[in-house]
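Just below is one structure, and these are the notes that go with it.
The values are calculated or read from the model by the stated rules, or taken from the named source; none is laboratory data. Note that this is a predicted model, so its numbers are computed, not measured. As a convention, Cβ positions derive from the backbone with ideal geometry for all residues, glycine included, and neighbour counts pool all protein chains shown.
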Amino acid sequence: METGADPWAPFAGRLFATVPEAAAILRYDVRTVRRAIAAGEIPAVRVGATYRIRVSWLRKQAGESADESD
């Protein structure tokens with residue numbers, strides 16, 4: 001990613017992020033994010049065999065203001 005690029009640009013218009021995307025934003029390992037979801041520490045929605053995390057929640061955790069209300 002280039003310096004100064006908006007890290008939220010890939011999430012424009014999206015409500016949910018994948019586990020690997022959330023891990024990149026939070027700067028955690030993917031396995032850590034999955035364990036936190038299993039422990040109920042990260043709210044997530046199960047979609048088939050995968051999980052999705054709300055972009056608004058990720059923004060709050062990263063200290064960013066959400067552009068869209070939930």
Matching residues, the range 37-56, being assigned to a helix (DSSP H, G or I) and either out of contact with any Asp or Glu (no Cβ under 9 Å at 6 or more places or on another chain) or at positive phi (or both):
Ile37, Ala38
With respect to Ile25, determine if the residue is at pLDDT below 95 and buried (at least 18 other Cβ atoms within 10 Å of the Cβ).
yes
Residue in the range 7-34 that is farthest from Ser56 (Cα to Cα), counting only those that are of a type in the set (Phe, Trp, Tyr) and outside any helix (DSSP H, G or I)
Tyr28
Report yes if Ile37 is in contact with a strand residue (DSSP E or B) (Cβ under 7 Å, 6 or more places away or on another chain), surrounded by 11 or more Cβ atoms within 10 Å (Cβ to Cβ) and within 11 Å of Leu58 (Cα to Cα), otherwise no.
no
Condition check for Gly4: in a loop (DSSP other than H, G, I, E, B) and modelled with pLDDT of 95 or more
no
